[in-house]
Amino acid sequence: MPQQKSKIILAIETSCDETSIAVLKVMGDKKEPHFEILSNIVSSQITVHAPWGGVVPNLAKREHERNLVPVLLRALKEAKLEISNSKLLISKKNITSILEREAELREQFLKNILPLAAPKIDAIAVTHGPGLEPALWVGINFAKALAHLWQKPLIPVNHMEGHVFSALIRGKEFSISNLQFPMLALLISGGHTELVLIKKLLQYKYLGGTRDDAVGEAFDKVAKMLGLGYPGGPLISKFATQSKILNQKSEIILPRPMLHSPDLDFSFSGLKTSVLYKLKELGKISVATRNAFCKEFENAAIDVLVVKTIRAAEKFKPKTIILGGGVSANSALRDRLLETVPQKLPEVKLILPEIKYTGDNAAMIAVAAYFNLKKTKKSAARITAQGTLSL
Ligand code: KG4
Ligand code: ZN
């Protein structure tokens, strides 16, 4: 039997507040690729940003600089890629100029990475946008330094495309050969709320999105108003489940912005302001009222997300609906979709990402990179951070 050819991709993700590096092995051909995630290390900066109630770009940059080298060493070790010392030392000069603006990272790189022999990988992938530009640049310059040192091609990956592919990862080993197109993607995170039609692999059409705040941002801001901490999504979700108000009427009623507008757009800033006014009106609130706020806010957000997703599906007739982004970890939203989609769209397959791939991670960037391998033709030196990159 001829040995099956495989490709190994090392991916780097630093678009926001997670430093993540993954190693992906791909077997088989383009038509029937089989994936194996050899490692996916995620180092979260939540405790650094929590006191500020949101992600502070320059703190994120500093943390990525500190974390990238240890995260890389762990990712290589867990993937069982050999990391022996090299006899051949590449000149420090080029690395120093690539990492000119990242002093702390540069020092760690020269000490711990420069002496290593190149691991057996075929390409390096890096998120180049959208995201916080100071954070993106650290990952990009680190990837450029590695690509130069190890003489590997570099693939720039769109972070939102990563979230699209995150829904398709199933366990450590998986295939995605029997996908049914067109697909409708609801992408919901701290920076995005959008409905995208995927006619076929890598072909995206923007159908609608938020006109102001992203839904995750609204969760975070409302949590801050309620004094819950950061990030707000998981906390609101937790306190919502503790709310005793089931079907009886609550004293807290919030609007469902744009629920009845015929388009596929969203607006969450008015919902957030309604929470603020209601809180001002009530003054000091009890734990029960706080929990009721969480439940009603979560319900309001879910109502509009689900109604607009169903509306988009009725109009564009996808065969599959997929979810991606940090907010897709929300269990009430997942439950609602699992109930509503089979009821209203019995022919449509709903694919939810595994919880561990809902937040930012490099495994999804590596999978997206595999389908973008031809982008490696672009000269690595020309890759730049693009904060507002779209699909
Ligand atoms: O995709 P992600 O990790 O980072 C960005 O690319 O923005 O998404 C982070 C967002 C945050 O706003 C966070 O509050 C929200 O996802 N989030 C949730 C939940 N878990 C995370 N929102 C609602 N419910 C959750 N369980
Ligand atoms: Zn994200």
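Roughly how many Å² is the accessible area per residue of the stretch 1-146, as a whole number, for a 1.4 Å probe?
Working: 7040 Å² over 146 residues.
Result: 48 Å² per residue.
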Cut-off 14 Å, label 7 Å out along Cα→Cβ of residue 175, residues of the stretch 13-51 by amide N: 27-36
The stretch 1-158: C-alpha gyration tensor shape, a/c 1.5 cut-off, then a/b vs b/c: oblate
0 to 90° range, to nearest 10: angle between helix 287-316 axis and the chain longest Cα axis: 70
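Find the accessible area per residue for the stretch 244-379; the probe is 1.4 Å, ligands and nucleic acids are left out, and the unit is Å².
Working: 6460 Å² over 136 residues.
Per residue, the stretch 244-379 has 47 Å² of solvent-accessible surface.
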Rounded to the nearest 10 Å², the accessible area of residue 24 at probe 1.4 Å: 0
Using alpha-carbon coordinates, inclination of helix 215-225 to the longest axis of the chain, degrees: 70
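Which of the trypsin sites (Lys or Arg not before Pro) across the stretch 1-102 are loop residues per DSSP, with 16 or fewer other Cβ within 10 Å? Don't jump to the answer; show the numbers that get you there.
Working: sites: 5, 7, 25, 30, 31, 61, 62, 66, 74, 77, 80, 87, 92, 93, 101; in loops: 5, 30, 31, 80, 87, 101.
Those that pass, being in a loop and sparsely packed, are 5, 30, 31, 80, 87, 101.
Considering only protein heavy atoms and a probe of 1.4 Å, how much of the accessible area of the chain is carbon and sulfur, as a whole percent?
On the way: 9480 of 17770 Å².
Roughly 53 percent of what the probe reaches on the chain is carbon or sulfur.
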Among 324, 262, 279 - extreme Cα towards positive end, dipole of the chain, charges at beta-carbon: 324
Signed unit charges on C-beta, dipole axis of the stretch 115-238, positive-most listed residue 142, 180, 237: 180
In the stretch 19-115, the GluC sites (Glu not before Pro) that fall in loop regions by DSSP, at most 15 other Cβ within 10 Å: 82, 100
Using a Förster distance of 30 Å, the FRET efficiency for residue 203-residue 58 (Cβ separation, nearest 0.05): 0.25
Alpha-carbon centroids, the stretch 329-391 and the stretch 1-42: separation in whole Å: 15
Cα-based shape type of the stretch 80-162, given that a ≥ b ≥ c are square roots of the gyration tensor eigenvalues and the cut on a/c is 1.5: oblate
Inter-part distance where the stretch 201-216 and the stretch 276-304 are each reduced to a Cα centre, Å: 27
Which listed pairs, of 199/374; 80/356; 172/344; 80/152; 172/374; 25/92, have C-alpha distances above 28 Å, in listed order: 172/344; 25/92
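For the stretch 127-227, state which trypsin sites (Lys or Arg not before Pro) are in a DSSP loop and have at most 16 other beta carbons lying within 10 Å of their beta carbon.
170, 172, 199, 200, 211
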Anchor residue 61: aspartates and glutamates whose Cα lies under 13 Å away (excluding residues fewer than 8 positions away in-chain): 13, 17, 18, 102, 104, 133
Net dipole in debye of the stretch 143-263 [+1 Lys, Arg Cβ; -1 Asp, Glu Cβ; about Cα centre; nearest 20]: 260
The stretch 206-301: relative contact order as a whole-number percent, Cα under 8 Å and 6+ apart: 40
The stretch 125-241 shape via C-alpha gyration tensor axes, a/c threshold 1.5: oblate
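The values are calculated or read from the model by the stated rules, or taken from the named source; none is laboratory data. Just so it is clear, the structure is predicted and the values come from calculations on it, not from any experiment. We place every Cβ from the backbone using ideal geometry, glycine too, and count neighbours over all the protein chains shown. For the accessible areas, the whole protein counts, side chains as well, though only heavy atoms, and no ligand, DNA or RNA atoms are used. Shrake-Rupley method; radii C 1.70, N 1.55, O 1.52, S 1.80 Å.
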